[in-house]
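Report on one structure; see the data block that follows.
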Amino acid sequence: MAEVHRYKVGDIEVTVLSDGFRNVPVDGNYLSNATADDLQKALAAAGQPIDKMKNTYSPIVLKTGGKQVLFDTGNGESQMAPSKGERGTLNRNLAAAGIDRSKIDIVVITHFHGDHVNGLLMPDNSQAFPNAEIKVPEVEWKFWMDDGEMSRAPKGRMTELFANNRRVFDALGREVTTYAWDKEVAPGVTAAGTPGHSIGHTSYVVSSGGKSVYVQSDVCNNIHVFAPYPDWHGFFDQDPPKAAATRRRVYDMLAAEKMPVQGYHFPFPALARIEKAGAGYRVVPMSAL
Ligand SMILES: [Zn+2]
């Protein structure tokens, strides 16, 4: 089943493409400053299953200024077989949407976690987007490619991330273009620094014809957990206090400006508006601006 959704931001066409999902266990490892019991209560309050959470992945393609620009690349087609088709479905959905991988002009990477960068490569390690300029946040690039940072990384998740990033970008010959925050990264798209989830984690404002949408990547992961409890710390956040502060700063702004948000891990098609609710926020799904 194809999972493709289109809407417009002024003259810019947005195509949302599912890269599938992963079921994440509800246990004491997910949050570092709240318990498994707290997590179960939050999920129950949101009407969600309390034994597992469905983490979805939704890269987008913008047609803007005559270019096709892909934001993030999903888990990679190599994940299709081992996950029995649950994830790694981006390339299949691109084809279903009539988008030729070889005609993607720019790939913008938001941050260097596997579910965002691994799809740069095909299962045989060739380039999935062979004619695209690969644009990466300069802060992220500097950190993950620094041998000193790698040697000082705590063993486990961080050393695994360093190894994975070297694997992916070495296969590309490290041929990337770095981009800076507060600058245009593609026509009508301005990069915004949203560090915390990773050191160089980046979001974007997409604007055209008086309309705007905020592309938040991983400012908020599971909406049922981190919208009502924005100060909770996820195991996947590199700097959890900074990630929480960024979440509040961005969501206060989105609520005040009534700017819709496209969230990489929101339920498909991952477009929503943000409202203040209690001590946190509510994520209200939308299908178009
Ligand atoms: Zn992610």
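Some values worked out for this structure:
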quantity: Part-to-part distance (alpha-carbon centres) for the range 68-124 and the range 193-261, which is given in Å; calculated: 22
quantity: Surface per residue (accessible, 1.4 Å probe) for the chain, Å²; calculated: 42
quantity: Rg followed by Dmax, in Å, when the chain is reduced to its Cα trace; calculated: 17.8, 50
quantity: Residues with amide H under 5 Å from that of Met286, placed H, sequence gap 5 or more; calculated: Leu271, Ala272, Arg273
quantity: Neighbourhood net charge (10 Å Cβ-Cβ; Lys/Arg +1, Asp/Glu -1) for Arg282; calculated: +1
quantity: Length-normalised contact order of the range 180-245 in % [C-alpha pairs under 8 Å, at least 6 apart]; calculated: 28
quantity: Formal net charge of residues neighbouring Asp252 (Cβ-Cβ distance under 14 Å; K, R +1; D, E -1); calculated: +4
quantity: Residue of Val14, Val24, Val215 that the Gaussian network model of the chain assigns the largest fluctuation, springs spanning Cα pairs under 10 Å; calculated: Val24
quantity: Under the Karplus curve 6.51 cos²θ - 1.76 cosθ + 1.60, θ = phi - 60°, whole-Hz ³J(HN,Hα) for the range 256-263, x wherever Gly or Pro sits; calculated: 5, 8, 6, 8, x, 10, 9, x
quantity: Rel. contact order, % - alpha carbon contacts under 8 angstrom, at least six apart, the chain; calculated: 18
quantity: Within the range 204-282, trypsin sites (Lys or Arg not before Pro) in DSSP loop having at most 10 other beta-carbon neighbours inside 10 Å; calculated: Lys258
quantity: Environment charge at Lys242 (Cβ cut-off 15 Å; Lys +1, Arg +1, Asp -1, Glu -1); calculated: -2
quantity: Protein accessible area in the range 209-289, 1.4 Å probe - carbon and sulfur %; calculated: 56
quantity: Loop-located trypsin sites (Lys or Arg not before Pro) in the range 50-125, at most 13 other Cβ atoms within 10 Å (DSSP); calculated: Lys84
quantity: Proximal lysines to Lys84, defined as alpha-carbon separation beneath 29 angstrom and excluding residues fewer than eight positions away on the same chain; calculated: Lys52, Lys54, Lys103
quantity: Under 16 Å from Lys183, Cα to Cα: aspartates and glutamates that are on another chain or at least 8 residues apart; calculated: Glu138, Glu140
quantity: Antiparallel %, DSSP beta bridges [both residues in the chain], to 5; calculated: 80
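The values are calculated or read from the model by the stated rules, or taken from the named source; none is laboratory data. Please read all numbers here as calculations on a predicted model, not as lab measurements. Ideal geometry is used to build each Cβ from the backbone, glycine not excepted, and the neighbour counts take in all protein chains shown. Surface areas here come from the heavy atoms of the whole protein model, side chains and all, with no ligands, DNA or RNA. Shrake-Rupley method; radii C 1.70, N 1.55, O 1.52, S 1.80 Å.
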